[in-house]
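Input: a single structure, listed below in structure tokens.
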Amino acid sequence: MINPKKLMNILVSKNISFYCGVPDSILKFFTEQIDLNKKLKNIITVNEGSSVALAAGYYLSSNKIPCVYMQNSGLGNAINPLASIVHKKVYSLPMLLMIGWRGALKEKDELQHKVKGEITKKILSSLKIKHIVLSNKNLNSLKKLIDYSKKHSSPVACLVRNRTIKKIKNTNKKKHKGIENNIKRSFVILNLLKHIKKKTKIISTTGYTSRELFQLRKKFSIINGSDFYMVGGMGHSSILSLGVSLNLSDDVICLDGDGSFLMHLGSTNTIGVFGKKNFKHILFNNYSHESTGAQSTYSENINFKKLVFSMGYKSYKKIKYKQNINNSIKTFLKMQGPSFLEIETSVGSINNLSRPKNFLKIKNDFKN
């Protein structure tokens, strides 16, 4: 396994001092080192396409190669600027892409990661992006790859398999601000399930939210309502929920996270315009990308009430404390939609979370 400090120092030795991207669990020990180095600039962006565009702007003003990090599941978000801005045949802009390779060939992983994992290298090849698979044995190849990017003024990519970068102890690790309360997301989900109607539809965002909903419903044998788990497609849970709600009269509830909500924020405007009375949007806001290492989403700076009202939502409610949470949920479910409930939750999930598996059964149960 590779020491993340060593990896960072290789990039720094190649004069790479600007980093941006969307957090990834495979790369978290590497990006942690970037955060700790005060001489380096690191910006967490809302989606991977924005990361590439930000990096392109940085190069145009500095003439220095930037580094963009992401999980390969987000490579799709980055294809547009990679193909239409930075490509060798367009503006020919150099940058290093550090890509966490979920679902890498011959590795066990979830189905949604396997699908993207199998085509990741094909996507890079189609974009004519020179790439390597990182290992301890080819760190010199990484240096040569960066030199190639400079010489040919083109993007290059470094694929990083799971467990390639090792965890090291950091005495100066930055503490995430987080939320100073004791509301856990799982606590809210369980109480919500107790109050929904028989035909309510729930769509839950990627990561811990879907896994907790799946586990809690199964553990407590809750039969009211049916769920659709967004096991992939981060940022699209709200607009998918809108699509479901347009053809139904019963409540449709979207369980969203701050990182997911911000990733494709424009969907909020579409919901505000076309959402009906049955659309309910719940945001679990803990200021962080929790499942990838609790990196900041900067969402503490947002006035969500003003934001959603300006987008056309009809109702808004906020929960900050555990007291009377059941009454608050009941009140919210009676509000005219499209309605928005912001809940400030602390970082932390159920231990030993299981995962939804039989996707076709989940789909059919949800439809029926």
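The values are calculated or read from the model by the stated rules, or taken from the named source; none is laboratory data. In this text, all values refer to a predicted model and were calculated from it rather than measured experimentally. All Cβ positions, even for glycine, are placed from backbone atoms using ideal geometry, and neighbour counts span all protein chains on display. Only protein heavy atoms, including side chains, enter the accessible area calculation; ligands, DNA and RNA are left aside. Shrake-Rupley method; radii C 1.70, N 1.55, O 1.52, S 1.80 Å.
The lone criterion from (1) out of contact with any Lys or Arg (no Cβ under 9 Å at 6 or more places or on another chain); (2) at pLDDT below 95 left unmet by residue 64 is number (2).
A quick yes/no check of all residues on (1) out of contact with any Ser or Thr (no Cβ under 8 Å at 6 or more places or on another chain); (2) at pLDDT 95 or above:
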{"position": "220", "(1), (2)": "yes, no"}
{"position": "236", "(1), (2)": "no, yes"}
{"position": "253", "(1), (2)": "no, yes"}
{"position": "266", "(1), (2)": "yes, yes"}
{"position": "278", "(1), (2)": "no, yes"}
{"position": "288", "(1), (2)": "no, no"}
{"position": "294", "(1), (2)": "no, no"}
{"position": "311", "(1), (2)": "no, yes"}
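Per-residue answers, yes or no, for (1) of a type in the set (Gly, Ala, Ser); (2) in contact (Cβ under 8 Å) with a residue 12 or more places away in the chain; (3) farther than 17 Å from residue 146 by Cβ:
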position	(1), (2), (3)
34	no, yes, no
41	no, yes, yes
46	no, yes, yes
57	yes, no, yes
64	no, yes, no
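Here is a yes/no grid of residues against (1) in contact with a Pro (Cβ under 6 Å, 6 or more places away or on another chain); (2) within 27 Å of residue 300 (Cα to Cα); (3) at pLDDT below 95:
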| site | (1), (2), (3) |
| --- | --- |
| 327 | no, yes, yes |
| 332 | no, yes, no |
| 336 | no, yes, yes |
| 340 | no, yes, no |
| 344 | no, yes, yes |
| 347 | no, yes, yes |
| 350 | no, yes, yes |
| 355 | no, no, yes |
| 368 | no, no, yes |
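The listed residues are 315, 299, and the only one of them that is at pLDDT 90 or above and under 30 Å from residue 73 (Cα atoms) turns out to be 299. In segment 311-329, the qualifying residues are those that are small (Gly, Ala, Ser) and touching a residue at least 24 places away in the same chain (Cβ under 8 Å), and the one that is farthest from residue 343 (Cα to Cα) is 312.
Can you tell which of 261, 228 is hydrophobic (A, V, I, L, M, F, W, C) and outside any helix (DSSP H, G or I)? Answer to the check: 228.
Scanning segment 13-49 for residues that are farther than 18 Å from residue 165 by Cβ, in contact with a helix residue (DSSP H, G or I) (Cβ under 8 Å, 6 or more places away or on another chain) and of a type in the set (Gly, Ala, Ser) returns a single hit, 49.
Taking residues in segment 115-126 that are among the hydroxyl-bearing types (Ser, Thr, Tyr), and partners anywhere that are open to solvent by less than 90 Å² (accessible area, probe 1.4 Å) and in a helix (DSSP H, G or I), the pairs with Cβ atoms closer than 6 Å and at least 6 places apart or on different chains are 120/72.
Summed over segment 196-207, residues that are open to solvent by 10 Å² or more (accessible area, probe 1.4 Å), within 27 Å of residue 24 (Cβ to Cβ) and either part of a helix (DSSP H, G or I) or in contact with an Asp or Glu (Cβ under 9 Å, 6 or more places away or on another chain) (or both) total 1. Listed by position, the helices (runs of 4 or more DSSP H) enclosed by segment 77-195 that each have at least 3 residues that are open to solvent by 30 Å² or more (accessible area, probe 1.4 Å), closer than 24 Å to residue 15 by Cβ and at pLDDT 95 or above are 139-152. Among residues of segment 215-256 being under 15 Å from the mean Cα position of the chain (by Cα) and at positive phi, the one that is surrounded by the most Cβ atoms within 10 Å (Cβ to Cβ) is 235.
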